Each structure stands twice: as structure tokens, then as C-alpha cells.
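Reviewing the structure listed below.
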Amino acid sequence: MKFFKNNIMRKWFIRDPRMKLKYLLEKEMTKHYPIFLFYIDVAKLSEIELQYGFDQSSNIIHALDQSIARAVSSLAFHPIKYIHHHRLWGDDYCLCMSWEADHAPEHMQDKIHELCIQLKDRIELHLNKQISLPAKDSIRLHIGFSKLTGKDVNKEIYQAVKSASQMAKYDVRTKEFLQHRHFFQILQAENLNSYYQPLVTLKDGSVYGWEGLIRGPENSEFFLPSRLFDYAEKTGRSLMLDSICRRKVLGRLAEISADQKIFINVDPRSIEDTNFFQREALYQLDRHGLSPQNIVLEITERHAITNFTRFRELIGTYRKLGYLIAVDDAGAGYSSLETIVQTYPDFIKLDMSLTRSVDADPVKKAIVEAFVTFARKVGCKIIAEGIETKSELESLLELQVDIGQGYFLGRPAHQLCQASGQAMTFFETRTQQDHPYEPRHLVRHFTMFPPTFPIDTKVKKIHQIFEEQPLLDHVIILDGKKAAGLVMRQHLYGLLGGQYGVPLYREKEIHTIMDSTPLKVDQYTPIEEASKAAMARDPQKLYDAVIITKEGDYCGSITIQRLLEQIAQAKLEWATLTNPLTQLPGNILIEREMERRIQQGQPFHIVYCDLDHFKLFNDTYGFERGDEIILRTAHLIQRNVIQHGHPRDFVGHIGGDDFLFITCPALVHHLAERIKEQFMFHMQDFVCEETDCERVCLSLSMAGIQCEPGQFRHVSEIAALAAKVKKLAKSRPGSSFATDEEWLMEVK
């Protein structure tokens, strides 16, 4: 009885044309052959109906079914097999065929295209023989095709019809038809390449993360992303392309460290893809020991956000999961500003139109400065895109932009690369010149050169080297100029020391047992960062050597012991060269900075700052309150210089209650006045203290010395003049600022 009912149901399904098509396709898919759906309709049928009447258009539709059947039967196109054809609606037909071959050749798409042309010609021939239009106009067809993958028949029939109908808009023999076919081949095969461009912390040149970018197949018309995404929008495949791009970009998650980030471009419409963000991406992150904090969803401005209520709701959900949010192209239009207001992003990416020539355009500088001020107030970071010159980078540093991106800092690459060599040279030079007191040492200064061997070297050869050199703890395995792997002594001895270790491994090539994923750092990486990355490794690799590279090529290594020794040395050096109370540079670093500026031959201004009556205050109220006064003074000077001075300004602590800062001549009066005005407020609970015998009043005297090129040959000459100017400042009541020009006038 059950069999009888099922048989009746099956016959009923087959009588329904759509169910019959589904049934035949499912049956064919079990053979695992590629299946193609052809879409066919009559060109300009509505015009024919208007000109020749409804009856004539009905005759054409009726004749079309017969013409398709006759055309298919007259074509012998092995290994293509006819499955079924079916009228969808009106004059729209679909025709399904399968490619019955064990292996689909590379030219399969070309063969299908050739079949498409033959079908069009044959059907048009049969159709025009049956129907003769009065004006002797010929009937023409649209035809297109799409491939079914065999995963979900119901969904794929709809998608295939949609795709084929879009292709059918173009004449089958035109370049546009081939173009459309090529684009959908790329999508179906997911033939896209991921590139990664570094985002660099402008404070020190370290890589903050990478933006994942997508390119089409090389040497194709869809290689550039603009072409790829424009065509996807034109054909209604933007969300499909966006989804593929996100998956491709996450392919390098395993290579980032816990404090780095991948920036993913997200079409605002793709935010609705909760399955990806709440399942697929989380699974990938968990698999690599990362969290959503390592992902920044970069909201692009390709499409405006139409429903901000729903958008905010979804963004809130992703924030709770831990994702970070960036708004792209800020400053390029009103919509990006509205997105900032609505989303409260973690990052604001300035459009490259603001970055380009920012060093020469005061209007752009003012806009960037406004964004930086805004970001500080709302607690987010500013990213400047499109940095292409050193001058642009210097201007953005002066404007206190947090993070930079652009060709000067690093070009997009298949790998997660560090900043470019020119960028690292810039940051290293800047660190040495502008902050000579920072304990920042680069791994390149402590490079070791252990023995290197080709990738096909026998294990026994490496073992022999370790036996001959008892103090050697690692060797590097090279593949050309690249470091292919690392062999640590204890690892090799552990393998060979097993029960069957020697016979099992001795004659094998070294690449079979080496560590093929050792930690690699660029030569310009600070030792502190290299140490952090080393300590974040798997416990089994914790004390393995670190490979040093130069623009991706091997250039040496450094051991963990040497790393830790240098960090300890740097900290010791920092402790000896800075004031233990304020942590500001002490006399040695102050002299170095002044000598460097004298040698540079550029004008600068030094301001010596001295607390009045500090000794009396200290003796009266004790060292603890005296130290509090010293700290407050240091913070007052430092804060004003950072906020209102030049990025290259310098603040030092000479000792006791004596400080100095170095700035450019244009800013010196403004800074001195701000410090003088704020001193009373900053010290209001200490300024006037009464004792049993006297009243102690604190104030700040400042002496400014203008240093022109060639004016001074040694630091001692500046100090001698400063002592005279300081006397003039102290002779004035309350907090005061005197300059060497004023002193000269007094003397005269």
C-alpha cells in the first residue's frame, strides 16, 4: 500500500513540469556530471505583439517550444546530453544539459559557449521557418547559460535562471557575452586572490594589523577590485562576491599574533549575513586561538545605509561578540559622517583624498586636525589611508594621527608583510633623532649568523655539524634566499635519541623534520616586540631561535637568551639616563639632544624652568611634599609641550627643581605663557603655605634662549647665557618668562 501511494505521488510530481525538472536534475546530479542550464527568450516580443497582434506573439511562443525540441534533436554534441526543457513563464524557457565525461576539460566552458551559438542559430532557423512575419522581419532570440554545482537544486535553479537571463541580455557572439561568462566563472570557482596591506602605528612604525584586499585572476579584465565590484553590482552579485571575499581574507588568520588585527571590508548590506559573523568567522577565530577582537569590520561606502535602526542593532550584536568597527572613507561625503554618528566606531579611516598632499594643503591639514580632535574626545583611533610620500607621513605625525596605511608604508602582498624598508628606515631615524632617550633597540643590531643549509640536506649532515660544534644550538634551512625552516639542537637530538631514531631519520632530507613555521621578524623589529612574539608561541617552541628577515629574505637569527639580555640592558640604560622621580631624560640625554640640534644647524629655542623658593618649601614641609611639587611641575611642562608644541619638541629634567624644554622659535612664547598661567592653578594647594614664622610662596621662573645656526659651539655656552637670563626672570615678581633678547636690552 505504501509503495502504491509513493508511486502515485511520483507520477503526480512528474506531471507537474517544475517538479519534473527538479526530479530529472536530482537524478542526473547523482552521476556527478556538470549540469548546465540554458535560458532562452524571444528578443523584443512585446514590440512584435504591438506591431502584429497578440495571436502572432502566441504563435511564436507555441512554435518556440517545438523549435527548441527540433534544434536539440538535430545537434550531436558529445559528450553533452539533453536532460529536459521547460517553459518558465511567457516566452522564457530553460533547457538543461549535462556534460557526461569523467573529467571536465579546461575548455568545457568554451564548448558550452559554442553549443550556445549553435542552439541559437538552429532554434532561430526552425522558428523563422514556422512563423513568417508580414514585414519579413526575422525573429531573434536571447540565450545565456549557467552551471549548477549540485548542492541544492531548488536554490540553484533559481540562481541559474537569474544568472543565465542576465547573460542572455548580450548577443552570444559579442565581447560582452564572453565578459559576463568570465565573471560568473570567477564567482563559481571562487577564483579570487587575497592581498594584505599593513597598517602601521605611526608612533613607532610597528604593524598594527593588515587590511584584507581582493583581486581577481591575474592578467584578467577583472583583476582590479573596482572592476570586479562594479560588475558585481551591475549583475546583482555584490553580496555573493562580498561573502567570498570575507572567507578568502580570513585565510591568513593563523599567521597573526594575539595583538594584531585583520581589517575586513564589509558592504553595509552584508551586515545582515549573521551566519558568517556569528558562526563561520567565530569558528575560524577559535580554531587559531584568536578572538573577535582580532577582527575589524570596515564599513565601506560602496552603498548607503538605508535602515540605520536595523544597522545599529546588528552592529550592537557584533560588538557584544567582540568585533571592532571601522568607518571607511571618512571625509569623502556626508554618508560617512552619518555612519560615524550612528555607529560610534573604534576606528575612523580618513579618505585618501585628505591624505594626498596634506603636507602642502592647509585646508586638508585643518580637516585632519579636526578629525583627530574629535577622535580623542570620543575615544577612537584615526587611520590615514593612501600615504605615498615621506612628507605626507611627517605631516600626519605632526597632526598626531594614530595609524597609517599606504604605499610608502607597505604595498599589498599575498603574505602578511611588515612595513616597507623605507618606512622602517624613516621610523628608526626618527626614533634616534627625536627620542634618543627611548630604550628602543632593533633586532638587526644583535643579529647572529648560524650555519645555513639547503632544504635537501640530509639529516646526518646537520647532526654532524652539531657534533662538531658543541656550543651551536640551531641552524637555518634555506630555500633560495628564503628561510624555509629552523632546526634546534635539542629537537634533533630528541628525534635521533629515540629507539629507532637513527635508522628512521638519519638518511632523510632535513625538510621532513625541520620546524617549517618558525617565528620570523623583520630586521627593523624592536627587541621588545620580538620578545613578546616569542613568548606568545606554543610552549614547545618557547625558547627556539627567532629568524630575522630583510624584505622577506633571510638575513640572520637571534636567540631568546640574547633577546632577554638586550632587553635587560636597555632597561638598565634607560634607568641610568632618566630621572628616577619624573622619568624624564636626565643630563646626559639633555646634552646629547642639545649637541645634536647644534650640529643640525637649525634654529631652536631652549627654555630653562626653575621653581622659586623651592628649597625653603622643601625644608619647611618635608621631602614628600617637595617630590609632589617636582612631579606636578614635570607633568605641567610635559603636558603643554605635548598638546601645544611640535612633535619633535623635547622635555628634560636637569635635576632637583630645574627643568628645560626645547621647541621651535614660533611656539616658545605661546608655550611659556600657557605654563606660566596654569602654574598657579596647578599648584593652588601648595602655592602659599603659612608657617609659624613666615609665608612660603611658590612660583616658576623661565629663561628662554634663542639658538641660531652657528651661534653656539658647545652646550656650556648656552648654559652660561641661560644662568644670566634666569636671574632676570627671578627678579620679577611671581611666575615669569624672560628671554635673552630682554636680557641684552637690560645690559645695554
Exercise. Filter region 341-368 down to residues that are surrounded by 15 or more Cβ atoms within 10 Å (Cβ to Cβ) and of a type in the set (Asp, Glu) and give me whichever is farthest from residue 407 (Cα to Cα).
Key: 346
Quiz item: Hey, among 519, 504, 486, which residue is without any contact (Cβ under 8 Å) to a residue 40 or more places away in the chain, surrounded by 17 or more Cβ atoms within 10 Å (Cβ to Cβ) and not assigned by TED's automatic domain parsing to the domain that holds residue 650?
Solution: 519
Practice problem: Mind counting the residues in region 224-267 that are polar (S, T, N, Q) and not in a loop (DSSP other than H, G, I, E, B)? | Solution: 4
Quiz item: Which numbered condition trips up residue 293, out of (1) surrounded by fewer than 16 Cβ atoms within 10 Å (Cβ to Cβ); (2) at pLDDT below 90?
Solution: (2)
Exercise. Taking the residues in region 396-424 that are assigned to a helix (DSSP H, G or I) and in contact (Cβ under 8 Å) with a residue 40 or more places away in the chain as candidates, determine which candidate is surrounded by the most Cβ atoms within 10 Å (Cβ to Cβ).
Key: 396
Exercise. Considering only residues that are more than 12 Å from the chain's Cα centre (by Cα) and among the basic types (Lys, Arg), look in region 401-444 and name the one that is modelled with the lowest pLDDT.
Key: 440
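Being modelled with pLDDT of 80 or more, in a strand (DSSP E or B) and β-branched (Val, Ile, Thr) is true for just one of 83, 68, 48. Which residue is that?
Going through 83, 68, 48 in turn, the sole match is 83.
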Exercise. Residue by residue through region 467-483, note down the ones that are surrounded by fewer than 20 Cβ atoms within 10 Å (Cβ to Cβ) and of a type outside the set (S, T, N, Q).
Key: 467, 468, 470, 471, 472, 473, 478, 479, 480, 481, 482
Quiz item: Cβ-Cβ below 7 Å, separation at least six or inter-chain, first residue in region 623-647 and surrounded by fewer than 16 Cβ atoms within 10 Å (Cβ to Cβ), second basic (Lys, Arg) and part of a helix (DSSP H, G or I): which pairs?
Solution: 644/674
Quiz item: Can you tell me which residues in region 536-558 are surrounded by fewer than 19 Cβ atoms within 10 Å (Cβ to Cβ) and at negative phi?
Solution: 536, 537, 538, 539, 540, 541, 542, 543, 550, 553, 555
Exercise. Only one of these is in contact (Cβ under 8 Å) with a residue 60 or more places away in the chain, more than 30 Å from residue 356 (Cα to Cα) and over 18 Å from the mean Cα position of the chain (by Cα): 289, 236. Name it.
Key: 236
Quiz item: Does region 536-571 hold any residues that are at pLDDT 85 or above, among the polar types (S, T, N, Q) and within 14 Å of residue 525 (Cβ to Cβ), and which are they?
Solution: 549, 557
Quiz prompt | Residue ID - nearest to residue 405 (Cα to Cα), chosen from residues in region 249-278 that are of a type in the set (D, E, K, R), within 15 Å of the chain's Cα centre (by Cα) and surrounded by fewer than 17 Cβ atoms within 10 Å (Cβ to Cβ) | solution = 259
Quiz item: Are there any helices (runs of 4 or more DSSP H) wholly within region 518-614 with 2 or more residues that are under 15 Å from residue 650 (Cα atoms), and if so which?
Solution: 587-600
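Quick check on my filter: what residues within region 663-681 are under 15 Å from residue 642 (Cβ atoms) and surrounded by fewer than 23 Cβ atoms within 10 Å (Cβ to Cβ)?
Once the filter is applied, which keeps residues that are under 15 Å from residue 642 (Cβ atoms) and surrounded by fewer than 23 Cβ atoms within 10 Å (Cβ to Cβ), region 663-681 yields 664, 667, 670, 674, 678.
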Self-check item: Extreme residue, farthest from residue 421 (Cα to Cα), among residues of region 551-572 that are aliphatic (A, V, I, L, M) and over 32 Å from the mean Cα position of the chain (by Cα)
Solution: 572
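The values are calculated or read from the model by the stated rules, or taken from the named source; none is laboratory data. Note that the coordinates shown come from a computational prediction; the quantities given were computed from them, not determined experimentally. Note: ideal-geometry Cβ built from the backbone for every residue, glycine included; neighbour counts use all protein chains shown.
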